[in-house]
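Trainee: Got a structure for you, questions after.
The values are calculated or read from the model by the stated rules, or taken from the named source; none is laboratory data. Computed from a predicted model, the values in this text were never measured in an experiment. Neighbour counts run over all protein chains shown; Cβ positions are idealised from the backbone, glycine included.
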Amino acid sequence: MTQIRELLMPQPLRELRVKNAYEHFQFIKGAQGVKILAKGLEKALAGLPLFVANKEDELDVLKEESEAQLSKALMAIKKKPEGVYVQASTLGSLEALLEFLKV
C-alpha cells in the first residue's frame, strides 16, 4: 500500500528511450500505459491489478483483495526441481508462457 506521487505517460508518437519525454497527469481513465512514481514500488508485481482506495475504510477490503490476487497468481506458477527455466518481464507473460509449455 502506498500513495502515488505522479502519473506519467509518454508523449504521443515519441521514442520511449528519450529521457524527459513524459507528460504528467493528475488522473488517467481506461487501460493505458502509464509510469507510476511512488514509494515502495519494489514490492509491486507487474501484471496484477491496481486498486485505488478513495476512502480510509476501503483500505482493508482492497488489501484483502490484492493479497488474494497475489496468492492466486503465485499458486498458478508451479515450481519443480528439474525442467525448463522460464523468465518473463511481467507476471501475465510468465503465466501465458507457462500455460503454453504445459504438457
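Trainee: Going residue by residue through the stretch 66-79, is there one that turns out to be under 28 Å from Gln26 (Cβ atoms), out of contact with any helix residue (DSSP H, G or I) (no Cβ under 6 Å at 6 or more places or on another chain) and hydroxyl-bearing (Ser, Thr, Tyr)?
Mentor: Yes, the stretch 66-79 contains at least one residue that is under 28 Å from Gln26 (Cβ atoms), out of contact with any helix residue (DSSP H, G or I) (no Cβ under 6 Å at 6 or more places or on another chain) and hydroxyl-bearing (Ser, Thr, Tyr).
Trainee: Show the residue pairs that are 6+ apart or on different chains and have beta-carbon atoms under 9 Å apart, the first residue being within the stretch 82-103 and within 16 Å of Ala46 (Cα to Cα) and at pLDDT 85 or above, the second being charged (D, E, K, R) and part of a helix (DSSP H, G or I).
Mentor: Every condition considered, the pairs that remain are Ala88/Glu95.
Trainee: OK, next. Being free of Cβ contacts under 8 Å to residues at least 12 places away in the same chain and under 21 Å from Gln69 (Cα atoms) is the filter here, so list the residues in the stretch 25-47 that pass it. Lay out the reasoning, then the answer.
Mentor: In the first step, residues of the stretch 25-47 are kept if they are free of Cβ contacts under 8 Å to residues at least 12 places away in the same chain; the result is 29-31, 42-44.
Correct list: Gly30, Ala31, Glu42, Lys43, Ala44.
Trainee: Could you check, for the stretch 14-24, whether at least one of its residues is out of contact with any Lys or Arg (no Cβ under 9 Å at 6 or more places or on another chain) and modelled with pLDDT of 80 or more?
Mentor: From the stretch 14-24, those out of contact with any Lys or Arg (no Cβ under 9 Å at 6 or more places or on another chain) are 14-20, 23-24; that's our starting set.
Now narrow it down to the ones that are modelled with pLDDT of 80 or more: 23-24.
Looking through the stretch 14-24, at least one residue is out of contact with any Lys or Arg (no Cβ under 9 Å at 6 or more places or on another chain) and modelled with pLDDT of 80 or more.
Trainee: Here is a follow-up. So which strands (runs of 3 or more DSSP E) stay within the chain end to end and still have 3 or more residues that are exposed (fewer than 11 other Cβ atoms within 10 Å of the Cβ)? Give the steps one after another, and end with the answer.
Mentor: Working: elements: 4-10, 22-25, 35-38.
Here the list is empty.
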